[in-house]
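Report on one structure; see the data block that follows.
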Ligand code: PEP
Ligand code: MG
């Protein structure tokens with residue numbers, strides 16, 4: 001596919017879309033492009049094409065250009081309100097136009113004073129597989145001058161079809177539940193590299209498309225092949241037949257995420273997280289509370305700040321010596337690789353190190369390197385070749401229907417940016433932020449967040465992004481409270497605006513009134529003082545002032561968290577989220593590996609209880625390497641224990657690993673619990689599997705608990721308690737299911753409140769049911785970390801609280817300050833409340849009356 005050049009349709013001032021004071025364009029919600037503030041009143045065709053539509057108000061026109069690319073030109077902002085007054089259309093839908101033809105005339109004298117501005121976004125609304133690979137520099141531009149160059153990422157990265165003569169090939173359907181995403185693509189590349197053959201892949205649906213090289217995981221990923229799609233593998237070279245056979249065998253195994261093709265669910269065209277259908281761009285009123293999605297929990301007060309991302313000095317003009325450009329690129333790339341390796345080593349074992357290693361591997365992508373090399377050979381500077389290649393990759397990924405893949409586009413943008421500094425032989429300038437900065441950004445890239453420290457920044461809020469992006473993971477690992485997907489309205493917050501960020505409650509309060517601000521400041525100061533006192537007393541036992549024993553434990557996700565949690569006063573682990581041991585790896589850990597992990601954690605807990613939750617995937621917890629179907633409504637689909645019961649090959653090794661770890665630990669210390677139980681039969685099935693494996697291993701079965709996360713489990717707690725050893729309430733899921741509000745959906749996530757009386761009544765029922773069989777109840781969901789909830793939970797009958805590790809000292813201190821009798825009084829009062837707000841008032845009154 002050759003490049004497509006769009007010419008400036010007006011004389012005027014050119015600027016990036018970011019400068020358009022309308023988030024719909026600035027956010028590129030309609031697509032990428034540029035904007036021109038016109039100096040003349042006639043819009044011309046930027047290229048040859050056909051008119052798709054002229055808006056009834058004649059202020060906007062869409063053209064279809066060569067290759068199916070569509071471009072929208074929207075003259076001025078809010079011009080639709082003029083209903084055509086001052087506009088004359090020279091063409092209509094269906095007309096064929098040539099570059100430079102007149103399209104629409106506008107009477108600037110009449111229109112400009114009556115609208116928000118005349119800046120005209122020129123947006124590629126349909127890329128048809130193209131990406132912007134070059135754009136004119138901002139400033140004065142003459143009509144007809146080159147504005148944008150579009151090229152095809154695939155065409156750039158793949159070898160010409162004609163040049164590839166396959167000697168072996170196979171066509172097969174993809175049995176991978178999540179399609180050909182990053183890790184399976186990397187495994188295929190790895191396998192292909194071990195054969196003396198050149199292997200290409202092409203979607204069978206487009207047999208004439210240029211096959212892309214299997215050794216380039218990013219290009220393979222960009223094909224967007226999904227479960228059930230047919231693909232053709234082509235190979236040439238001495239080992240062509242052998243490599244095709246090996247690849248076909250590997251694909252047929254499902255690489256850990258096999259979903260049989262015969263059982264394929266009806267394909268869903270909607271991405272898992274559907275974008276909002278209408279974009280709210282209304283201005284933010286002072287005191288307004290915006291809702292978003294929690295990426296890293298926490299609380300912060302501060303001022304809005306924009307994180308400058310200085311542009312590296314890119315060199316568009318080549319030296320004219322391709323050899324010199326290639327040498328320069330090779331040198332910079334080596335330096336960048338070494339820098340990433342060093343940083344990964346410095347942070348070995350951390351989440352950030354894993355991301356740095358993944359970035360380092362992307363720099364070996366043969367297809368990317370070949371594409372850059374080709375561009376330099378054709379005469380591009382090293383800087384321009386790298387920029388074009390990486391931007392094209394990012395654009396292709398961003399268009400992927402799977403949000404987890406789309407969120408990886410930022411990694412390419414980040415690498416592009418970082419290597420440009422190496423090419424320039426400079427360091428990016430140090431970040432400077434005002435005090436108590438709450439950074440607002442459209443989106444951030446991983447290295448930006450990695451460079452921040454909690455001392456520098458109080459919190460982060462991004463308009464876009466997702467909770468599974470690398471940005472979210474890094475923010476959480478640094479303890480910086482962060483919200484993502486806050487929507488385009490946050491971008492209108494001026495720097496310096498006072499903000500209250502409650503990342504735990506997923507809200508951002510903008511410019512609160514003086515009273516709210518003073519309360520928040522006092523609250524922050526109180527939290528600080530309380531935290532210091534609680535930390536000092538964290539070694540004391542969890543027991544109420546009138547003697548009721550309440551175990552205060554920590555929720556853990558991996559080995560390295562166990563010892564620090566104990567040092568922080570955790571009396572055990574009330575929830576080990578084992579799915580973290582299964583994520584971000586090439587294959588699921590086997591029984592031995594799991595045994596080693598659980599044993600190490602039990603040892604770090606030194607005889608304290610360890611409750612191991614069976615794998616909980618599905619819903620909001622994607623597990624790329626585990627066999628799961630894409631579902632229209634995953635929160636109500638095959639998740640939690642339903643996955644384990646359907647796929648015994650995952651459940652059984654885990655049960656055996658838990659039993660083996662239990663046999664090696666203090667008696668009864670290791671326990672297991674099943675997530676998302678909704679029925680007694682499910683508990684029985686888990687019990688049977690546990691007993692069977694214990695018998696095979698010749699060890700005693702460990703205590704088995706039920707996670708109460710469905711309203712069904714809460715109301716059936718008595719029946720469940722008759723057959724299990726303990727219950728632990730997962731209030732995060734229990735709340736989303738009780739209130740029918742998706743915890744990952746920003747439109748409702750801000751209203752989800754675990755203190756809703758509906759949820760509290762379910763917890764009350766659960767405790768009653770458990771008590772009728774003498775079983776204990778814990779809480780391992782978010783409510784256990786919420787000081788307002790603690791007296792209510794104790795009053796309802798909960799005797800174990802498993803909190804976020806950082807909250808353990810504070811929760812323990814609070815428990816020690818409460819009397820169980822007062823808690824019971826509060827519990828019966830809140831059960832009669834009619835709203836979460838009322839519950840909060842009652843709980844606050846009680847907590848404030850308690851001396852801590
Ligand atoms: C819960 O749902 O409350 C819980 C603890 O499980 P998770 O948050 O891991 O779904
Ligand atoms: Mg849960």
Report, ordered by the first and then the second residue, all pairs with beta carbons closer than 8 Å, sequence separation of six or more or different chains, a first member in segment 685-711 that is assigned by TED's automatic domain parsing to the domain that holds residue 653 and closer than 15 Å to residue 654 by Cα, and a second member that is modelled with pLDDT under 95 and within 16 Å of ligand 1 (Cβ to nearest atom). 686/641; 686/644
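For every residue, the table says whether it meets (1) over 25 Å from residue 676 (Cβ atoms); (2) crowded, with 21+ Cβ neighbours inside 10 Å; (3) within 14 Å of ligand 1 (Cβ to nearest atom).
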position	(1), (2), (3)
563	yes, no, no
573	no, yes, yes
578	no, yes, yes
593	no, no, no
597	no, no, no
609	no, yes, no
613	no, yes, yes
Residue under evaluation residue 678, criteria (1) within 16 Å of ligand 1 (Cβ to nearest atom); (2) under 30 Å from the mean Cα position of the chain (by Cα); (3) within 25 Å of residue 599 (Cβ to Cβ), criterion not met: (3)
Residue set 730, 664; condition within 22 Å of residue 799 (Cβ to Cβ) and either without any contact (Cβ under 8 Å) to a residue 40 or more places away in the chain or not assigned by TED's automatic domain parsing to the domain that holds residue 461 (or both); output residue 730
Determine whether residue 76 is more than 35 Å from the chain's Cα centre (by Cα) and either assigned by TED's automatic domain parsing to the domain that holds residue 136 or within 30 Å of residue 212 (Cα to Cα) (or both). no
Across segment 656-710, what is the total count of residues that are within 16 Å of ligand 2 (Cβ to nearest atom) and in a loop (DSSP other than H, G, I, E, B)? 6
Considering every residue within segment 634-650, establish whether at least one is away from ligand 2 (no atom under 16 Å from the Cβ), closer than 26 Å to residue 603 by Cα, touching a helix residue (DSSP H, G or I) at 6+ places or on another chain (Cβ under 7 Å) and touching a residue at least 60 places away in the same chain (Cβ under 8 Å). yes
If a residue has to be modelled with pLDDT under 85 and buried (at least 19 other Cβ atoms within 10 Å of the Cβ) to count, how many in segment 1-23 make the cut? 3
Being farther than 18 Å from residue 478 by Cα and either assigned to a loop (DSSP other than H, G, I, E, B) or modelled with pLDDT under 90 (or both), is that true of even one residue in segment 446-462? no
Closer than 13 Å to residue 729 by Cβ and modelled with pLDDT of 95 or more: which single residue out of 815, 790, 798 fits that description? 798
Please pick out the residue among 333, 356, 369 that is at pLDDT below 85 and either assigned to a helix (DSSP H, G or I) or surrounded by 17 or more Cβ atoms within 10 Å (Cβ to Cβ) (or both). 356
Subset tally (residues that are part of a helix (DSSP H, G or I), out of contact with any helix residue (DSSP H, G or I) (no Cβ under 7 Å at 6 or more places or on another chain) and within 27 Å of residue 408 (Cβ to Cβ)) for segment 200-249: 1
Taking into account only those residues within segment 710-735 that are within 14 Å of residue 678 (Cβ to Cβ) and within 23 Å of the chain's Cα centre (by Cα), which is farthest from ligand 1 (Cβ to nearest atom)? 734
Filter result (at pLDDT below 80 and in a helix (DSSP H, G or I)) within segment 250-285: 252, 253, 254, 255, 256, 261, 262, 263
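The values are calculated or read from the model by the stated rules, or taken from the named source; none is laboratory data. Note that the structure is a prediction, hence the values are computed from the model and not measured. So basically every Cβ, Gly included, is an ideal-geometry build from the backbone, and we count neighbours across all protein chains shown.
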